[in-house]
Amino acid sequence: MTPPIPGTARALVLLIASVLLGSSCADIQLDNPNDPYSKAWKWEYAAAPTLSSVVNSSPMPLSIELHTTETAPDTVIRYTLDGSDPDEQSNTYREPIQIKTTTTLSARTFSAGKLPSAVTRHTYTISPTETQIRSPRV
């Protein structure tokens, strides 16, 4: 018979398993009440942002708005325009983003007490012969 895994080691095993399995939220209950880390831990991911285009009177530039359902006051959406994943140092979304040329917009929500959201990404292809730009499907 294998001895039980101590609380802290069990938490590490469950955390690794949740990351490898791609779980969006992992509840971990440690077993030992004498362990200072013996409490329920919960890792949550922030809600991913959504992208929407603003209808302009002319086709250029395209204005893109970013939205999130996160309500915490310190929640921010960060974005990049080169297709890379946004991090804590990326641009902070404050107003509609103007797209004038073909661009891959990537956005991610950051909220205190939660892990960063999944990345929302869309490539806007702008052609001089195209008069309409298609918005991402939501």
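Read-outs throughout are calculated quantities, based only on the coordinates presented, and are distinct from any laboratory measurement. Please read all numbers here as calculations on a predicted model, not as lab measurements. Here the Cβ positions follow ideal geometry from the backbone for every residue, glycine too, while neighbour counts run over all protein chains shown.
Odds and ends about this structure:
- Only strands (runs of 3 or more DSSP E) whose full extent lies in segment 62-117 are considered here, and the ones with at least 3 residues that are surrounded by 14 or more Cβ atoms within 10 Å (Cβ to Cβ) and β-branched (V, I, T) are 76-80, 103-110.
- Scan of segment 113-128 for residues that are of a type in the set (A, V, I, L, M) and within 14 Å of T68 (Cα to Cα), ordered by number: A118, V119
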